[in-house]
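Okay, structure first, notes after.
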Amino acid sequence: MKRKENRILIKFSGEALAGENSFGIDPKTLEYLADEIKSVVEYGYEVSIVIGGGNFIRGVSATKDGIIKRTSADYMGMLATVINAVAMQEALENYGLAVRVQSAIKMEEIAENFIVRRAVRHLEKGRVVIFAAGTGNPFFTTDTAGVLRASEICANVIIKATKVDGIYDKDPNKYPDAKLLKELSYEEALKDNIKVMDDTAIALAKENKLPIIVCNMFNKGNLLKILKNAPDAKFSIVKEK
Ligand code: UDP
């Protein structure tokens with residue numbers, strides 16, 4: 001299927017919602033993110049979103065003491081993404097946007113079930129669609145869910161919104177001479193030192209030739225600048241070279 005040029009999927013981690021804290025949802029941060037997303041919708045983009053759940057629980061960490069089994073911990077993590085999705089829905093609606101949450105795990109009182117054709121229809125009508133509950137399967141991440149959903153809805157790109165400007169050759173927090181890499185191939189992104197997404201997510205993006213943009217969501221206006229091809233927009237892109 002052909003990609004829809006003005007259709008994007010934005011993925012950010014649950015931690016992004018926590019603001020200065022590492023746990024829970026910071027209302028001011030939620031509002032800020034919603035405002036950034038609104039500007040992109042108003043510019044004419046069809047926007048879908050995947051939010052992680054790491055501000056509440058991550059499967060791998062929750063199993064560390066051996067009490068909770070991995071599969072249960074992962075389901076708990078998926079539930080956390082639903083909490084974040086509902087919060088983001090509210091924040092976006094406060095800005096007057098129409099929003100639908102679609103969950104990979106059935107919970108009809110809270111969200112629609114994930115149905116790809118329905119999701120596409122919402123997007124065509126200008127509604128923001130938030131995909132919740134990851135892929136619905138344990139042992140995956142929301143990065144993989146993001147790439148999967150972006151591929152399913154024929155998005156033109158997945159934008160991984162982070163707290164740094166893009167992909168660096170080494171950790172910019174440790175090395176002041178770290179260089180921002182503008183363009184990488186999927187093979188380069190799979191290298192051990194480049195932690196842009198987990199390997200499963202990158203492999204799926206590679207297979208579907210889905211470009212991955214990595215950018216800083218906390219640099220106000222940057223997201224829109226990237227989509228407008230502004231010369232001062234900061235980001236890295238992973239794509240077929
Ligand atoms: N998760 C899962 N399957 C999925 C997506 C997520 O089991 O398809 C679980 C997994 O335990 C993960 C947690 O949900 O640790 C939260 O997602 P993630 O770690 O990707 O969130 P982020 O780091 O982006 O906040």
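The values are calculated or read from the model by the stated rules, or taken from the named source; none is laboratory data. This structure is a prediction, so every number in the text was calculated from the model and none was measured. Quick reminder, even Gly has a Cβ in these numbers, built from the backbone with ideal geometry, and neighbours come from all protein chains shown.
Overview of results
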quantity: Residue match in segment 103-119 (condition: part of a helix (DSSP H, G or I) and either within 27 Å of residue 29 (Cβ to Cβ) or in contact (Cβ under 8 Å) with a residue 60 or more places away in the chain (or both)); calculated: yes
quantity: Any chance residue 130 is part of a loop (DSSP other than H, G, I, E, B), modelled with pLDDT of 95 or more and in contact with a strand residue (DSSP E or B) (Cβ under 8 Å, 6 or more places away or on another chain); calculated: no
quantity: Pairs with Cβ under 8 Å, 6+ apart, first in segment 134-145 and farther than 15 Å from residue 161 by Cβ, second more than 6 Å from the ligand (Cβ to nearest atom) and among the acidic types (Asp, Glu); calculated: 141/198; 144/198
quantity: Yes/no for residue 194 being buried (at least 20 other Cβ atoms within 10 Å of the Cβ) and not basic (Lys, Arg); calculated: no
quantity: Residue, surrounded by the fewest Cβ atoms within 10 Å (Cβ to Cβ), within segment 92-102, restricted to residues that are of a type in the set (A, V, I, L, M, F, W, C) and in a loop (DSSP other than H, G, I, E, B); calculated: 98
quantity: Check on residue 71, of a type in the set (Val, Ile, Thr) and more than 16 Å from the chain's Cα centre (by Cα); calculated: yes
quantity: Subset of segment 92-105 (residues that are in contact with an Asp or Glu (Cβ under 8 Å, 6 or more places away or on another chain) and either within 12 Å of the ligand (Cβ to nearest atom) or of a type in the set (D, E, K, R) (or both)); calculated: 100, 103
quantity: Single match in 92, 123 (criterion: closer than 18 Å to residue 9 by Cα and more than 16 Å from the chain's Cα centre (by Cα)); calculated: 123
quantity: Tally of residues being buried (at least 18 other Cβ atoms within 10 Å of the Cβ), among the charged types (D, E, K, R), more than 16 Å from the ligand (Cβ to nearest atom) and not in a strand (DSSP E or B) across segment 33-74; calculated: 2
quantity: Residue check, residue 89 more than 15 Å from the ligand (Cβ to nearest atom) and either surrounded by 19 or more Cβ atoms within 10 Å (Cβ to Cβ) or without any contact (Cβ under 8 Å) to a residue 12 or more places away in the chain (or both); calculated: yes
quantity: Pick from segment 1-32, criterion closer than 26 Å to residue 117 by Cα and crowded, with 18+ Cβ neighbours inside 10 Å, ranking: farthest from the ligand (Cβ to nearest atom); calculated: 7
quantity: Single unsatisfied condition, residue 180 versus (1) farther than 21 Å from residue 43 by Cβ; (2) buried (at least 18 other Cβ atoms within 10 Å of the Cβ); calculated: (2)
quantity: Test: residue in segment 205-218 that is in a helix (DSSP H, G or I), under 18 Å from residue 147 (Cα atoms) and under 18 Å from the mean Cα position of the chain (by Cα); calculated: yes
quantity: Test result for residue 227, aliphatic (A, V, I, L, M), out of contact with any Ser or Thr (no Cβ under 6 Å at 6 or more places or on another chain), more than 26 Å from residue 35 (Cβ to Cβ) and in contact (Cβ under 8 Å) with a residue 24 or more places away in the chain; calculated: no
quantity: Which numbered condition residue 155 fails, given (1) away from the ligand (no atom under 16 Å from the Cβ); (2) surrounded by fewer than 19 Cβ atoms within 10 Å (Cβ to Cβ); calculated: (2)
quantity: Unique residue being under 21 Å from residue 3 (Cβ atoms) and not in a loop (DSSP other than H, G, I, E, B) when the list is 201, 233; calculated: 201
